[in-house]
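Take a look at the structure below.
The values are calculated or read from the model by the stated rules, or taken from the named source; none is laboratory data. Here the structure is a predicted model, which means the values were calculated and not measured. Methodologically, a virtual Cβ is constructed for each residue, glycine included, from the backbone with ideal geometry; neighbour enumeration extends over all protein chains shown.
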Amino acid sequence: MSVLVGPDSRIVVQGITGHQGTVHTRQMLLFGSRVVAGTTPGKGGQSVEGVPVFDSVQEAVDRTQANTSVIFVPAPFAKDALLEAVDAGVTLAVVVTEHIPFHDMLTMYHYARSRGARIIGPNCPGIAAPGKSKAGIIPNVVFRPGRIGVISRSGTLTYEIVNGIKEHGLGQSTCIGLGGDPVIGTTFVDALPLFEADPDTDLVVLVGEIGGTAEEDAAEVLRSHFTKPVVAYVAGRSAPPGKRMGHAGAIIARGKGTAASKLEALRAAGAEVADFPYEIPDLVARTLKERGRR
Amino acid sequence: MVKLAEWRGKEIFRQYGMPLPRGRVVRSAAEAASAVAAGSVPLPCVVKAQVLAGGRGKGGAVRFASTPAEAEAATGAILGLEFKGERVREVLLEEKLPIARELYLSVALDRSLRLPIVMASARGGVEIESVDDAQILRVPVHPFVGLTGYERRRIATTLGLVGPAVRSLDTVLTALWQIFEREDAELVEINPLAVVGDGLTALDAKVIIEDDASFRHPQYAEVRDDRTPLEEIAREKEIAFVQLDGNIGVIANGAGLTMATLDVLQQFGGRPGVFLDLGGTDDPKKVTEAFLLMAKARPAAVFLNIFGGVTRCDTVALGLVEAMKQVPPAERFPLVARIRGNNEDEGIAILRSAGVTSLHELKESVQAAVAAAGGRP
């Protein structure tokens, strides 16, 4: 088993004829994902990397039974794309697009939720279960099948860390990049129970960032509802208050959302804390060994 | 994030029917005198510096005037002042109202709830952070529903309002919510919201507009905020660029990786001076532009840390080599590079042909960058 994606994921790529859509459709196919359809309004009947293109998500779902969408549609149109996917019956939507206004995302999130669909992202690299399926843009080369779950708010930092785990001789069960925006469809709090329930995950690496209280909220879940070992890292300990550090979410205001407060909460909840990204693989291996001995 | 000055916030307030004091924004003392003489600002009046920083009252940036001459003098005294690093270029003159009580009201996003949240307190006029939690009412608002009648009544009760003031609050809340939604605001704050006679009046306005929604609000594009000139150029080129107080420039791709790189740099005694996030790009020209921008910040050394995903390593290497040709010799800086991920081998080969070695491990490359900037390794 894996988390949220697997052999049954039938992927439709919204915005497949754009540059990123095409590039990542190819990468997903190489990964082994079942990309069954693409959509771009007005371009129905074409094909991209051998994948049929439809005018609407409804058509794509009717013809190919797609159940998972990956959205590359530009920000001004992303809300509409997501609503279309949800209305067509897609149950998981990975929104890669960045710079979506959070007011749009509020609508997207609450609408999807009311229809029983889940969003990963926006502004995220997506999700991958090595050897099974990938819905998103995480580079294929960093993966190797294994039993470590990874949940991260970052993009490239996730690649760096997942790659480090691979180079250490370990592998991943499922890796989710949650996205760096202020409102995201799937948070640590939402994702942790999925990994707790996944029999193929032995340990979870949690990669946080400064800003907001997502890590503090995650610590609450770890304390009360989580039995697997967790290794945590939080980026941004050197960030000055008030400056926006690239991600819309990564801003520290008045001492809240600092790396220190997050690390303290996670440590108090029983997580092993890595001070720097390159310490993670060793810490994972050591934690697995220690917990295994008990 | 576009922070609006009070008078701009109040212009929006007025469009949405928020009750406001009568007043005018001026840019010279003479303009202040004529505004008062013409009766567009009734006396006595308040004279307020239009700066974004808080604490204007205590900092001497708010004054009072009872005559046109006093209004002129107060405006003249405030204009041109430097307040917490900001030059005062505009002054807002408003009628001074008989205030019975000062309240607090705002709407912002609660990220954990993934809902907007209205905050109300009977303790207005002070920074909300200094108000005891028990004295603040927090009302999450579902975006599909808006502020309901019963929530409005709860807010009125919390604020201690009865009779006609409740109807006035209704007007204020409707405006507050509509501004938040329709103007794509991150924050709409009224502090203080004054009880004046039977009704309410917004004495201050703090409005922050979200950058990402600028495609539907071109009117905010011209509004200045707290970016440095180089940060402004970077924004136009869609490069995340933040100036800090150290001397090492850091170029990475992705916010998380950039932040992690800064963390490691500090750990080994380096002081980050500029933080530049290339984001996802496969255009070598954008990389070149980013580098030239970095050169303008005159760093002692630059550390490039790239993990290729959307951005390919060879793209970055090509852009970098081109930029190095364009940087004038006097502005050159030592460069330490670490590029990993997609097309890593091609990127490393391109760098090598230009005499740049790509290091493999984060730790060793950070140490090399610190040494190159003249610090200890």
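Before moving on, here are some points about what is shown:
- Residue, surrounded by the fewest Cβ atoms within 10 Å (Cβ to Cβ), within the range A:18-39, restricted to residues that are in contact with a strand residue (DSSP E or B) (Cβ under 6 Å, 6 or more places away or on another chain) and of a type in the set (Val, Ile, Thr): A:Thr22
- Count of the range B:349-364 residues which are within 11 Å of chain A (Cβ to nearest Cβ) and either buried (at least 23 other Cβ atoms within 10 Å of the Cβ) or assigned to a helix (DSSP H, G or I) (or both): 3
- Annotation: B:Lys96 fulfils all but one of (1) within 14 Å of chain A (Cβ to nearest Cβ); (2) more than 30 Å from A:Gly257 (Cβ to Cβ); (3) not hydroxyl-bearing (Ser, Thr, Tyr); the unmet one is (1).
- Selection from the range A:55-83 of residues that are in contact (Cβ under 8 Å) with a residue 60 or more places away in the chain and not in a strand (DSSP E or B): A:Ala81
- Condition broken by A:Gly44, with the remaining ones in (1) under 14 Å from A:Phe77 (Cβ atoms); (2) assigned to a loop (DSSP other than H, G, I, E, B); (3) among the small types (Gly, Ala, Ser) satisfied: (1)
- Of the residues B:Val327, B:Val287, B:Val274, the single one that is modelled with pLDDT under 90 and either basic (Lys, Arg) or under 30 Å from A:Met28 (Cβ atoms) (or both) is B:Val287.
- Residue check for B:Glu181: of a type outside the set (Val, Ile, Thr), within 10 Å of another protein chain (Cβ to nearest Cβ) and surrounded by fewer than 24 Cβ atoms within 10 Å (Cβ to Cβ): yes
- Among the residues of the range A:2-17, the ones that are surrounded by fewer than 16 Cβ atoms within 10 Å (Cβ to Cβ) and charged (D, E, K, R) come to 1 in all.
- With respect to the conditions (1) of a type in the set (D, E, K, R); (2) touching a strand residue (DSSP E or B) at 6+ places or on another chain (Cβ under 9 Å); (3) farther than 30 Å from A:Gly185 by Cβ, B:Asp110 falls short on a single one, namely (3).
- Flag for A:Arg115 being farther than 23 Å from B:Arg216 by Cβ and within 14 Å of another protein chain (Cβ to nearest Cβ): yes
- Condition check for B:Ala317: touching a residue at least 60 places away in the same chain (Cβ under 8 Å) and surrounded by 23 or more Cβ atoms within 10 Å (Cβ to Cβ): no
- When A:Glu160 is tested against (1) of a type in the set (Asp, Glu); (2) within 30 Å of B:Met1 (Cα to Cα); (3) at pLDDT 95 or above, exactly one condition is not met: (3).
- Hey, B:Leu193 buried (at least 19 other Cβ atoms within 10 Å of the Cβ), closer than 24 Å to B:Lys58 by Cβ and out of contact with any Pro (no Cβ under 7 Å at 6 or more places or on another chain) or not: yes
- Residue match in the range B:330-348 (condition: surrounded by fewer than 23 Cβ atoms within 10 Å (Cβ to Cβ), farther than 16 Å from B:Val302 by Cα and away from chain A (no Cβ under 14 Å)): yes
- Look at the range B:74-87: where a residue is among the hydrophobic types (A, V, I, L, M, F, W, C) and a partner is assigned to a helix (DSSP H, G or I), sitting 6+ places away or on another chain with Cβ atoms under 7 Å, you get B:Leu79/B:Ala29.
- Filtered residues of the range A:140-161 (kept if surrounded by fewer than 24 Cβ atoms within 10 Å (Cβ to Cβ) and either within 14 Å of A:Leu29 (Cα to Cα) or hydroxyl-bearing (Ser, Thr, Tyr) (or both)): A:Asn140, A:Val141
- The numbered conditions (1) out of contact with any Asp or Glu (no Cβ under 6 Å at 6 or more places or on another chain); (2) at pLDDT 90 or above; (3) more than 10 Å from chain B (Cβ to nearest Cβ); (4) closer than 23 Å to B:Gly254 by Cβ are all true for A:Lys262 except (1).
- Residue count for the range A:8-27 under the criterion of being among the hydrophobic types (A, V, I, L, M, F, W, C) and within 15 Å of A:Asn67 (Cβ to Cβ): the result is 3.
- Number of residues in the range A:164-178 that are within 13 Å of chain B (Cβ to nearest Cβ) and in contact with a strand residue (DSSP E or B) (Cβ under 7 Å, 6 or more places away or on another chain): the value is 3.
- Qualifying residue in the range A:72-87 (condition: surrounded by fewer than 19 Cβ atoms within 10 Å (Cβ to Cβ), within 20 Å of B:Arg111 (Cβ to Cβ) and within 14 Å of another protein chain (Cβ to nearest Cβ)): yes
- Residue within the range B:243-263 that is at pLDDT 85 or above, charged (D, E, K, R) and in the same structural domain as B:Leu176 (by TED's automatic domain parsing) present: no
- Scanning the range A:104-116 for residues that are touching a strand residue (DSSP E or B) at 6+ places or on another chain (Cβ under 9 Å) and surrounded by fewer than 24 Cβ atoms within 10 Å (Cβ to Cβ) returns A:Leu106, A:Tyr109, A:His110, A:Ala112, A:Arg113.
- Which listed residue, of A:Ile71, A:Ile11, is in contact with a helix residue (DSSP H, G or I) (Cβ under 6 Å, 6 or more places away or on another chain), modelled with pLDDT of 95 or more and either among the aliphatic types (A, V, I, L, M) or not assigned by TED's automatic domain parsing to the domain that holds A:Gly185 (or both): A:Ile71
- Residues within the range A:216-239 that are within 11 Å of chain B (Cβ to nearest Cβ) and either not in a strand (DSSP E or B) or not hydrophobic (A, V, I, L, M, F, W, C) (or both), tallied: 9
- Once the range B:113-129 is narrowed to residues that are farther than 20 Å from B:Glu183 by Cβ and part of a strand (DSSP E or B), the residue that is farthest from the other protein chains (Cβ to nearest Cβ) is B:Ala120.
- Residues (in a strand (DSSP E or B), touching a Ser or Thr at 6+ places or on another chain (Cβ under 9 Å) and within 13 Å of chain B (Cβ to nearest Cβ)) located in the range A:119-138: A:Ile119, A:Ala128, A:Lys134
- Residue count for the range B:166-178, restricted to those that are out of contact with any helix residue (DSSP H, G or I) (no Cβ under 8 Å at 6 or more places or on another chain) and either surrounded by 22 or more Cβ atoms within 10 Å (Cβ to Cβ) or among the charged types (D, E, K, R) (or both): 3
- Every listed requirement among (1) over 20 Å from B:Gly124 (Cα atoms); (2) within 11 Å of another protein chain (Cβ to nearest Cβ); (3) not in a loop (DSSP other than H, G, I, E, B) is met by B:Phe144 save one, (3).
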